[in-house]
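So the structure is just underneath, and the comments pick up after that.
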Amino acid sequence: SHLHPEEDDYRELVYTTPTTASQKKLKILEVCCTSLANIEARKAEKTSDKYAPLLERLIAAGYTPELYVVALGTSGEITTATTKTLGKFGMKDAPLDNLIQALHKNTMVGRLHRHGAGAQQDSSP
């Protein structure tokens, strides 16, 4: 453990600059929520606007960044593209199924909070 120097197996963590191509490969995962109709536009926005400066700086520093954007539908939709992207991170079978269920649940809970879960709806005509 690197957090408790009093322990017998304490070891100091030392950062070393990556030297090999595989050490310089970075995977960045952005997760966002949007309407199903807006998923592709949202992915493009994240890629071109939000991360472009970071990606440029990483490349200039000798890294090989890969940006993946996972867009979840605000009604809990999980697209096939999302499943494929998560597969690039080694997710498959039961762990992938569990993650998709958790993402769906998280999206739905977030939606309920944004729209005032438990609030009385007006039923007047």
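The values are calculated or read from the model by the stated rules, or taken from the named source; none is laboratory data. Values in this document were obtained by computation on a predicted structure and should not be read as measured data. Positions of Cβ are generated from backbone atoms using ideal geometry, with glycine treated the same way; all protein chains shown enter the neighbour counts. To get the accessible areas, we keep the full protein, side chains included, count just its heavy atoms, and leave off ligands, DNA and RNA. Shrake-Rupley method; radii C 1.70, N 1.55, O 1.52, S 1.80 Å.
With both labels modelled 7 Å from their Cα along Cα-to-Cβ, the Q101 to R57 distance reads 4.0 nm. FRET efficiency for the A81 to Y10 pair, using the beta carbon distance and R₀ = 35 Å, is estimated at 0.20. Taking a point 7 Å from the Cα of T17 along the Cα-to-Cβ direction, the residues of the range 36-64 with backbone N closer than 17 Å to it are 57-64.
Accessible area per residue was computed with a 1.4 Å probe on protein heavy atoms; M91 scores about 60 Å². Note on exposure: K92, K46, K27 ranked by accessible area (1.4 Å probe, complete protein assembly) read K92, K27, K46, with the most exposed listed first.
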